[in-house]
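Colleague: Here it is: the structure, laid out below.
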Amino acid sequence: MHLHLDPLGGIAGDMFAAALLDAFPDLVAELEASLAETAISRLATIRVESHGDHGLTGSRFQVIGAEEKHPHRSFAEIRTFLDDLECDARVRERSVAMFELLAQAEGSVHGAEPDDVTFHEVGAWDSITDILTAAWLIEALSPAGWSCGPLPLGSGRVQSSHGPLPVPAPATALLLEGFPCLQDGVEGERVTPTGAAILRHIDPDFSALGEFGRLTATGMGFGSRTLNGVSNVLRVLAFEQAGAGAAADRVAVCEFELDDQTPEDLAVALDRLRAQSGVLDILQSPVFGKKGRLGFHVRIIAEPSGLSRVLRNCFSETTTLGVRWYTVSRAVLERDMRSAEADGVRVRVKRARRPDAATTEKAEMDDLAAGDRDRAGREALRRQVEQGSAPDA
């Protein structure tokens, strides 16, 4: 599936949630049930209701019972709350990652370390619920490719605990660096800090992508503000892409070389990096560096949402002094794992669905090697499992 964001009015956390829930209304009850099982339910509840503006109709996402006159919470406090939340681990990780992006931006603006940043408006329970909901929706719709149209900058001033700030707010502007923007002459805050953090987290493609695929759903998410002459709405278009089971995706690639770490120590370091959440794969190869020294080239493929954590771990686990990183697109086949039993051995089997509707299977080597089988024994067991003669376990 591919999801395209059309920020006519702009983007905010509540607009992002409203647009996706308007496009996928079946997710509303599931989201409500999921949030009801967490501590956030004692502080706030959500409501999705129909809304119209400037002749367009869609949905609004509201957080009820979360009003606070002076919300002041540090990033460390919010991170602890989210880390302790009883919900899916990936939802927690995405929520923390988005708040970390906000903390890094605010820290840069105010000259503070991310852990020392205190959120004001963004630290309120409604904003926390917006980001938690966005994380839940992103995970519920994964794997999906994301793209976005140019972002309206807006103009004027926005009130904050620090007094009036220019639009876009300084931290928001930092999060938008590198994203295509436009000035359509409509005043007001068009991209909020939470909206910018969500965009930076999903890392959408802003380039012309050509054919998206078959349009399957649309959603209109309205914000709480009223804009002059334009509807304050974020539209989402959902596409089913050509090629059964093939989905667009984005990954972060981190690369570096080193020649001053022993092979034994590097092997331990890469095993630790490989075990980190969000790391998809690690490759290493020998290279000749400066002065003819034999060294190692390391490439780490990771989820974009965990990039900052991966970079920190590269510096803490290895002797490298610099890491290059970039994001790239990839196509991903739909796959799952099944368990088969052959000769009394339970073997995990990775099953992939090809674009021509064919299904291929690959047995896990660690399971085939159990019991000290020789090469012939492993091969015989592999054929038995992958040719379908081994029943599901």
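The values are calculated or read from the model by the stated rules, or taken from the named source; none is laboratory data. Since the model is a prediction, treat every value here as computed from it, not as a measurement. Heads up, the Cβs are rebuilt from the backbone with ideal geometry, glycines too, and the neighbour counts pull from every protein chain shown. Accessible surface areas use protein heavy atoms only, side chains included; no ligands, DNA or RNA. Shrake-Rupley method; radii C 1.70, N 1.55, O 1.52, S 1.80 Å.
Colleague: Restricting to DSSP loop positions (anything but H, G, I, E, B) with no more than 14 other Cβ atoms inside 10 Å of their own Cβ, which GluC sites (Glu not before Pro) remain in the range 155-198?
Modeller: 177, 187
Colleague: Something else about it: If 365, 15 are ordered by their accessible area, calculated over protein heavy atoms with a 1.4 Å probe, which sequence runs from highest to lowest?
Modeller: Per-residue accessible area, sorted high to low, gives 365, 15.
Colleague: A follow-up question, please. Rounded to the nearest 10 Å², what accessible area does residue 325 show when all protein chains are kept and the probe is 1.4 Å?
Modeller: Using a 1.4 Å probe on the heavy atoms, I get roughly 130 Å².
Colleague: Can you tell me how the range 23-110 classifies by the Cα gyration tensor, rounded, prolate or oblate, using a/c under 1.5 as the rounded cut?
Modeller: Prolate is the answer for the range 23-110, as a/c is 1.5 or above and a/b outweighs b/c.
Colleague: Among the GluC sites (Glu not before Pro) within the range 319-363, which fall in a DSSP loop and have no more than 15 other Cβ atoms within 10 Å of their own Cβ?
Modeller: 334
Colleague: Please give, to one decimal in nm, the separation of the simple spin-label points placed at residue 350 and residue 334, each 7 Å out from Cα toward the Cβ.
Modeller: A separation of 1.9 nm, rounded to one decimal place.
Colleague: As an exercise, identify the GluC sites (Glu not before Pro) in the range 1-44 lying in DSSP coil whose Cβ has no more than 12 other Cβ atoms within 10 Å.
Modeller: 37
Colleague: Report the charge-dipole magnitude of the chain in Debye, nearest 20, computed about the Cα centre from +1 at each Lys and Arg Cβ and -1 at each Asp and Glu Cβ.
Modeller: So the magnitude is around 820 debye.
Colleague: Before I look further, what does the chain give for accessible area per residue, probe 1.4 Å, in whole square angstrom?
Modeller: 49
Colleague: Using mean projected area of the Cα convex hull in nm² as the read-out, say which of (i) 22.4; (ii) 19.3; (iii) 24.0 was calculated from these coordinates.
Modeller: From the options (i) 22.4; (ii) 19.3; (iii) 24.0, the structure gives (iii).
Colleague: Against the longest alpha carbon principal axis of the chain, how many degrees, from 0 to 90 and to the nearest 10, is the axis of helix 89-110 turned?
Modeller: The angle comes out at about 50 degrees.
Colleague: Percent of accessible area on the chain owned by carbon and sulfur, 1.4 Å probe?
Modeller: The nonpolar share, carbon plus sulfur, comes to 49 percent.
Colleague: Work from the charge dipole of the chain (Cβ charges, +1 for Lys and Arg, -1 for Asp and Glu, about the Cα centre) and give the residue of 196, 153, 252 farthest towards its positive end.
Modeller: Farthest towards the positive pole: 252.
Colleague: From the Cα gyration tensor of the range 266-348, with a ≥ b ≥ c the square roots of its eigenvalues, which class applies: rounded if a/c is under 1.5, or else prolate if a/b is larger than b/c, or else oblate?
Modeller: The shape class here is prolate.
Colleague: Oh, and also: Using amide H atoms built in the peptide plane, which far-off residues or other-chain residues are under 5 Å from residue 191 H to H?
Modeller: Those lying under 5 Å, H to H, from residue 191 are 11.
Colleague: Sort 296, 16 by accessible area with a 1.4 Å probe, largest first.
Modeller: The ordering from most to least exposed comes out as 296, 16.
Colleague: Report the extension gain between residue 120 and residue 281 in nm, rounded to one decimal, defined as 0.36 nm multiplied by the number of residues separating them, less their alpha carbon distance.
Modeller: The span from residue 120 to residue 281 would gain 54.2 nm if fully extended.
Colleague: Further question: Just grab the label-to-label distance for residue 316 and residue 225, each label 7 Å out from Cα along the Cβ direction, in nm (one decimal).
Modeller: 3.8
Colleague: Using only protein heavy atoms and a 1.4 Å probe, report how much of residue 77 is accessible, in Å² to the nearest 10.
Modeller: The value for residue 77 is about 100 Å².
Colleague: Using only the heavy atoms of the protein chains and a 1.4 Å probe, how would 130, 260 rank by accessible area, largest first?
Modeller: Correct descending sequence by accessible area is 260, 130.
Colleague: Quick one: accessible surface of residue 83, probe radius 1.4 Å, all protein chains present, in square angstrom to the nearest 10.
Modeller: Probe radius 1.4 Å; accessible area of residue 83 about 90 Å².
Colleague: For the chain, find the longest principal axis of its Cα atoms and tell me its angle to the long axis of helix 27-36, 0 to 90°, nearest 10.
Modeller: Once rounded, the angle reads 90 degrees.
Colleague: Now a separate question. Whole-Hz ³J(HN,Hα) for each residue in the range 358-363, computed from phi via Karplus 6.51 cos²θ - 1.76 cosθ + 1.60 with θ = phi - 60°, x for glycine and proline: what do you get?
Modeller: Along the range 358-363, the couplings run 6, 10, 10, 10, 9, 6 Hz.
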